[in-house]
Amino acid sequence: MDRLREEKIQRFEEFVDRRLKPDLVRAIAERDKVFEQQKVFSDLRKNLENLEKNSVTSLRSMVNLGSEVYAQAEVDSVLTPKALHVCRPDTRHIFVDVGLGFHVELTWSEALSIIPAREEKLARQIEEYTRLIAQIKAQIKTVSQGIRELLQLPTE
Amino acid sequence: MGEPLKGTVTPLSSVFAPEEAQKASVRVQETISERRKQVDQLQAFLNDNNGLVNLVKKLPDQLHHDIMVPFGKAAFFPGRLIHTNEFLVLLGEGYYAERTSKQTIEILKRRGKDLESQIETLNAVIKDLKFEASFFDDTAIEAAEGIVEIREDYVDEAFNEDEPTKGEDDFARILSRIDELEKEELESEIAEEHEEEDKADLSHLISLTSLEPEGRSPEEQAKNEHLMSKISLQNHPQEDVPKPVKPKDLPARPVSKDLSSHVKVPTSSGSRLPPSLVEHNKLKERVSHTPVPKNEKVSTSASNSGNHSSRASVVAPVSKEVSDFDSSIGSDRSKAFTGSIVEHTHNIENNNQKGQMQAPASKPVSRFKMQRK
């Protein structure tokens with residue numbers, strides 16, 4: 001009788017350790033990733049708002065060419081006709097990543113309206129992950145409770 | 001044969017348990033794959049580095065480059081690269097250096113060299129690990145087969161001591177039979193050759209066969225002087241390797257052995273040497289074989305001894321090339337000189353003393369002088 005119980009306990013423990021805990025870890029990792037993405041977009045939004053507020057038309061930055069070798073880059077708002085090369089310096093248009101390797105050329109105002117929508121979607125994903133994590137945690141709790149009960153009974 | 005020889009028989013599986021050997025092999029394989037991954041990673045870095053070098057080379061060609069300037073992680077601005085000859089390079093720990101294109105390329109090239117040397121060391125490590133793994137595999141297989149290691153005490157006269165190395169009994173047996181036959185031939189020829197005493201030839205031969213021109217003259221003189229006195233001295237260092245020693249040939253044999261050692265010592269090549277020596281001195285050499293215990297990796301070298309009666313102690317090496325060597329030597333039977341064959345320890349000695357070629361040449365001389373006195 002005792003042996004049977006011990007076996008059960010062992011099986012439960014293994015279940016917790018091998019399936020539930022890694023699941024929990026993975027879910028948390030995924031949620032963190034989404035968090036980061038959300039942060040990226042919110043930063044972008046804030047910057048854009050700043051730029052607009054200060055009516056910044058030109059900016060300079062350092063571009064990473066790879067292996068941390070930087071080169072100076074400049075963006076100058078130029079009111080040139082659209083016939084010219086696409087990549088003329090232009091702060092009025094910004095290319096926003098919309099997933100799957102696509103970037104959409106938008107004006108600032110359009111970008112400022114799109115980005116919050118994106119952020120909302122990310123927030124919903126985060127919520128889902130949170131629910132999943134909570135589920136896994138609950139499962140772990142139930143199993144450990146079961147183990148505890150099994151352990152307590154023999155002592156009684 | 002027929003003398004009771006003392007020895008121990010140890011089954012290999014007791015020394016190396018096959019399961020453990022397999023486990024060890026698996027562990028080594030894992031380490032090998034880890035190292036391989038690191039090598040791949042480094043290789044990727046190296047490729048990136050090379051790509052960057054090309055880019056940095058091309059940028060100053062234009063005053064401005066139209067590019068998409070990243071703004072955060074998810075947006076780009078159309079913009080331009082300006083100051084195309086100025087680059088900011090990260091040196092580590094938050095320190096940057098502003099450099100021109102050429103200087104940046106130099107920095108990147110130095111980094112590339114560093115990466116390459118790292119890759120090379122890792123590759124060497126992987127090679128070593130591979131050897132280890134193959135050793136473990138072989139040991140596991142052999143232990144599983146129940147191969148037995150037999151060690152027997154070295155007895156001086158016994159030329160048929162058998163120390164069968166792992167799993168090569170058949171080959172050893174065949175070799176021993178060949179050796180016996182050759183021994184008989186040798187005995188008959190020794191009677192003929194007893195008349196020839198060619199010390200002059202000795203030096204000539206030595207000069208031909210010695211690969212150490214510098215050590216030659218002292219060697220020659222030493223040889224000519226101390227031919228006979230070298231006997232016992234040379235015998236001792238090589239005692240651990242069984243040598244076929246016939247009582248009647250004792251005086252002559254050690255001499256030739258000395259000569260062989262003399263010739264051998266300065267030479268750096270191991271078992272490769274004997275065939276080449278034989279070829280060089282075909283006319284003047286003759287290697288006589290005496291049946292000999294088959295030790296592992298005994299190198300044979302044909303040395304010229306002016307003394308006819310040189311007995312060649314052939315410790316038949318396990319490798320096949322020696323058997324070929326034997327056959328070629330057999331054809332040279334009728335020549336004047338017999339070669340003596342030096343054992344494996346010499347090999348090690350030679351390899352160790354590759355950088356000290358001169359030392360062996362001088363040492364025997366002094367030793368003999370001491371012996372004389």
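The Cβ shell under 15 Å around residue B:40 holds other residues with a net charge of -1, Lys and Arg each +1, Asp and Glu each -1. Looking at the square roots a ≥ b ≥ c of the eigenvalues of the Cα gyration tensor of segment A:2-150, which shape do they give, rounded for a/c under 1.5, prolate if a/b is larger than b/c, or oblate? Since a/c reaches 1.5 and a/b is larger than b/c, the shape of segment A:2-150 is classed as prolate.
Under 5 Å between amide hydrogens, built in the peptide plane, is the criterion, and for residue A:103 it picks out A:98 among residues at least 5 positions away or on other chains.
For chain A, what does -39500 (n - 2.57) per DSSP helix run (n ≥ 4), summed and divided by total residues, give at 222 nm, in deg cm²/dmol to the nearest 500?
-22000 deg cm²/dmol
Residues B:174, B:105 in ascending order of nearby Cβ atoms (within 10 Å, fewest first): B:174, B:105. Neighbour counting of Cβ atoms within 10 Å sorts the residues B:179, A:17, fewest neighbours leading, into A:17, B:179.
Computed from the coordinates by the stated procedures, all read-outs in this text should not be read as laboratory data. Since we're looking at a predicted model, the values are computed, not measured. As a convention, Cβ positions derive from the backbone with ideal geometry for all residues, glycine included, and neighbour counts pool all protein chains shown.
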